[in-house]
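Everything below concerns the one structure shown next.
Just so it is clear, none of the values below were taken in a lab; they were calculated from the coordinates. In this text, all values refer to a predicted model and were calculated from it rather than measured experimentally. Here the Cβ is made from the backbone with ideal geometry for all residues, glycine too, and neighbour counts use every protein chain on show.
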Amino acid sequence: PGTPVIAAGMVGSAQGWLEAPYVDAPASADALAAGIVRLKAACGATLHIIPGVLQRGELPNVMRGEETQIFGALSEDSSDADNSQRALIGLPGTHAKWAVVQAGRIERFHTFMTGEVFGALREHTILGRTMVTPDRPDSETFLRGVNIARDKGQAGVLATVFSSRTLGLTGQLSREQQPDYLSGLLIGHELAGLETVLKQQQSSLAGQSPRLIGNEALCERYRSRSHSSAARRPSSSSMRPSAACGASLHRQGSSTRPPTRRRPVSRACRHPRNKEPTCNLTSICPLRTCRTRV
């Protein structure tokens, strides 16, 4: 009965159980603690909901749940003699977060919708029609996508993402390879964009080694991209894992599953000539004529 019940993430959003107003960045652990909202549960326990962090500006940014993971990682460094050094922490996932931290505070952060965009492209666009979920991750194909984003991605992700289909049509990618290639493309564009932003801000963090927090398999994908870049540019440093990387850290409303492991979704097919009960979104329509969104 005396065990504290603490929740973080979307449970404290406007659509959650009870809204916990955002704390403005730069944000410290003390500021988060001061913003905790308490809710009495039916069982008599008191639920403590941790607020998220809001970064104001021309393009506002928010996080809910990641701030708790970040301060958990920073607590590992509490014994360090000097915690005033600026550092970069990455949290890959549905909405990847990259936070600049210094002196025990979240100074600013960037959000990349990499995981959610992968899911949308995979399941709801023409790209997914020729894809088949592989039995295991294909690291070589993933790095091929990463390299394309880095070497041929100057025009942006909208100009390169269609190659996941055209390489399949021309026999250069199998159906099973296409999800890993698309994952590599998107993660490659994400990290290239992050590096560009840090350079524009004249940040000393550009090219330095960040700490990663999240699912171990997904963290490894980000590290493999860094290793690939380092092989071509020896001056670049690699990403290092946090002790939290690979641990069971889940925040409500966010996914840290590796994007390439998303399973196909079957729904009722609305095509009048289809005698099958379901239609797999990730395969070509057996009728060859179906363009109905299912």
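Under 18 Å Cα-Cα from Lys40, which aspartates and glutamates qualify once same-chain neighbours fewer than 8 residues away are excluded?
Glu19
Rank by packing, highest mean first: peptides 134-142, 59-67, with packing defined as the count of other Cβ atoms within 10 Å averaged across residues.
For the peptides 134-142, 59-67, the packing ranking is 59-67, 134-142.
Could you line up Ser174, Ser75 from fewest to most neighbouring Cβ atoms inside 10 Å?
Ser75, Ser174
Give me the tail of P(r) for the range 136-183 as a percent: Cα-Cα pairs with distance above 17 Å.
Value for the range 136-183: 27 percent of Cα pairs lie more than 17 Å apart.
Gap in Å between the Cα centre of the range 18-42 and the Cα centre of the range 54-76?
After rounding, the separation between the Cα centres reads 12 Å.
What's log10 of I(q)/I(0) for the range 1-159 at q = 0.12, 0.13, 0.14 Å⁻¹, Debye sum over Cα points only, no solvent?
Once normalised to I(0) and log-transformed, intensities are -0.72, -0.81, -0.89.
So how much slack lies between Arg86 and Leu169, counting 0.36 nm per residue of separation and subtracting their Cα-Cα distance, in nm?
My answer for the length gained is 25.2 nm.
Which distance in Å, rounded to a whole number, links the C-alpha centroids of the range 105-125 and the range 150-198?
The range 105-125 and the range 150-198 have Cα centres separated by 15 Å.
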